[in-house]
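Peer 1: For reference, the structure I am asking about is given below.
Just so it is clear, none of the values below were taken in a lab; they were calculated from the coordinates. Given the structure is predicted, the values throughout are model-derived calculations rather than measurements. Cβ coordinates were reconstructed from backbone atoms using ideal geometry, including for glycine residues, and neighbour counts include every protein chain displayed.
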Amino acid sequence: MTKKELRITYKEKRRAISSKDKLKLDDLMLLQFQQLYFDESVQTLLTYWPMANMNEPNMQLYTSYLRHTVPGLQIAYPIADFSTGCMDALLINEDTVYHTNSYGITEPKEGIVVPANEIDIVFVPLLVCDKEGFRVGYGKGFYDKYLSTCHEEAITIGFNYFEPIDKIEDAHDFDVPLNYCITPERIYEF
């Protein structure tokens, strides 16, 4: 299937997950995620606020776990510029104020920009990925552009309620594959 077809199919599949089942699936993914080990070289995480209207995984659950297991972890959230198609990572703290933009994405209102080459782990949003780690996002290309500027050792992790498909037919040369996909059933390493 193409990205466009997969985007339609997996948006529908994800919307069909009940609130009760979503809580269970999020907890199962946390148990899988807890099997990964991150040493002191991990200092900065780029995560994102889940869009409720898209029934995305509970990223606060995984972010909180990592914050408690990696001492001194700095956390950043993306801020997207839809006029340029680019995004930046802004450091957050307990005083950070957030707003939801016109696309339904919750972002920090302000913060210190962290250069992409200083990000150690990126939680990457996705609808589905394939067995090579290529993913289908929402179609704007923000993350592929951003990930192409991160350092080579940056770890990319996607959380998905569904197992990877065999192959995305129209993956491109500029698509950046994930290192890991966490599902309720297991961890996929690419």
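Peer 1: Bin by bin, in steps of 5 Å, what percent of the Cα pairs in segment 80-162 do you find, going until the bin that has the longest distance?
Peer 2: 3, 12, 21, 25, 22, 13, 4, 1
Peer 1: Within a Cβ distance under 9 Å of residue 170, other residues only, what is the Lys/Arg minus Asp/Glu net charge?
Peer 2: Value of the local net charge: +1.
Peer 1: Of all alpha-carbon pairs in segment 53-97, indicate the percentage at a distance above 13 angstrom.
Peer 2: Percentage above 13 Å: 68.
Peer 1: Mind listing which chymotrypsin sites (Phe, Trp or Tyr not before Pro) in segment 30-99 are in a DSSP loop and have 13 or fewer other Cβ atoms within 10 Å?
Peer 2: Counting only loop positions with at most 13 other Cβ atoms within 10 Å, the chymotrypsin sites (Phe, Trp or Tyr not before Pro) in segment 30-99 are 37, 82.
Peer 1: Just the number, please: percent antiparallel of the DSSP beta bridges in the chain, rounded to the nearest 5.
Peer 2: 55 percent
Peer 1: Shifting gears a bit: Give the longest segment of the chain that steers clear of GluC sites (Glu not before Pro) in DSSP loops with at most 13 neighbouring Cβ atoms within 10 Å, not counting the sites themselves.
Peer 2: The segment 41-93 is the longest one with no such site.
Peer 1: To continue, here is another question. So for the chain, if I pair up every lysine 8 or more residues apart or on another chain, how many of those pairs have alpha-carbons under 21 Å apart?
Peer 2: 24
Peer 1: Right, here's the next one. How do 63, 47 line up, fewest other C-beta atoms within 10 Å first?
Peer 2: The order, fewest Cβ neighbours first, is 63, 47.
Peer 1: What value, in deg cm²/dmol to 500, does the helix sum -39500 (n - 2.57) over DSSP H runs of n ≥ 4 give at 222 nm once divided by the residues of the chain?
Peer 2: -7000 deg cm²/dmol
Peer 1: Using the alpha-carbon centroid of each, what span in Å lies between segment 28-51 and segment 132-187?
Peer 2: 15 Å
Peer 1: Another question, if that's okay. So for the chain, what are the equivalent ellipsoid semi-axes in whole Å, largest first, each being the square root of 5 times an eigenvalue of the Cα gyration tensor?
Peer 2: Over the Cα atoms of the chain, the ellipsoid semi-axes are 23, 19, 18 Å.
Peer 1: Moving on. Relative contact order (percent) for the chain, with alpha-carbon contacts under 8 angstrom and 6 or more residues of separation?
Peer 2: Relative contact order for the chain comes out at 24 percent.
Peer 1: Does segment 8-107 come out rounded, prolate or oblate by the C-alpha gyration tensor, with a ≥ b ≥ c the root eigenvalues, rounded set by a/c under 1.5 and, if not, prolate when a/b is larger than b/c and oblate if not?
Peer 2: Oblate.
Peer 1: Further question: Among the complete DSSP H segments of the chain, which ones combine at least 20 Å of alpha-carbon extent along their axis with a mean Kyte-Doolittle hydropathy of -0.5 or more?
Peer 2: Helices meeting the criterion: 19-33.
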